[in-house]
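Chemist: A single structure is presented below for examination.
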Amino acid sequence: MTAKATERFNLRATPEQVAKIRAAVEIGNERSLTDYILTSALTIADQRIMERTSLTLDARAYEAFLQALEEPPRDLPRLHRLLSEPSALECQESAAIEGQESATIERQAV
């Protein structure tokens with residue numbers, strides 16, 4: 001059973017764009033303008049999602065990929081050091097907290 005369509009899209013188009021789309025609907029014997037636009041948009045959406053979420057390799061590249069997965073991880077000391085240090089945001093947060101603490105101490109001393 002198909003889910004009932006309840007969501008709406010509002011879009012603006014030039015008269016030329018609308019004419020071109022309507023011509024394509026008539027040529028393609030589509031049921032409606034809505035069906036044509038949704039079918040076209042969903043086709044492109046499926047393509048984009050597939051491009052961004054799948055990996056296509058020829059046999060040689062696939063074998064190299066599998067080989068790389070089987071090998072033990074390389075030691076990357078610079079990466080380890082980078083990931084061990086506080087980030088720039090953590091440094092900023094720490095400095096802000098220290099500034100608040102010193103302001104509180106100064107107020108208490110007065």
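Chemist: Going by what's in this entry, would residue 33 be described as touching a Lys or Arg at 6+ places or on another chain (Cβ under 9 Å), surrounded by 10 or more Cβ atoms within 10 Å (Cβ to Cβ) and not charged (D, E, K, R)?
Modeler: yes
Chemist: Sort through 59, 24 and tell me the only one that's over 26 Å from the mean Cα position of the chain (by Cα), among the small types (Gly, Ala, Ser) and surrounded by 11 or more Cβ atoms within 10 Å (Cβ to Cβ).
Modeler: Exactly one of 59, 24 is over 26 Å from the mean Cα position of the chain (by Cα), among the small types (Gly, Ala, Ser) and surrounded by 11 or more Cβ atoms within 10 Å (Cβ to Cβ), namely 24.
Chemist: Only one residue in 5, 13, 41 is free of Cβ contacts under 8 Å to residues at least 24 places away in the same chain and in a helix (DSSP H, G or I), so which one is that?
Modeler: 41
Chemist: Right, another one. Kindly provide the set of residues from segment 68-99 that are polar (S, T, N, Q), exposed (fewer than 10 other Cβ atoms within 10 Å of the Cβ) and at pLDDT below 90, ordered by number.
Modeler: Those that are polar (S, T, N, Q), exposed (fewer than 10 other Cβ atoms within 10 Å of the Cβ) and at pLDDT below 90: none in segment 68-99.
The values are calculated or read from the model by the stated rules, or taken from the named source; none is laboratory data. Keep in mind the model is a prediction, meaning the values are calculated, not measured. With ideal geometry, Cβ positions are generated from the backbone for all residues, glycine too; neighbour counts draw on all protein chains shown.
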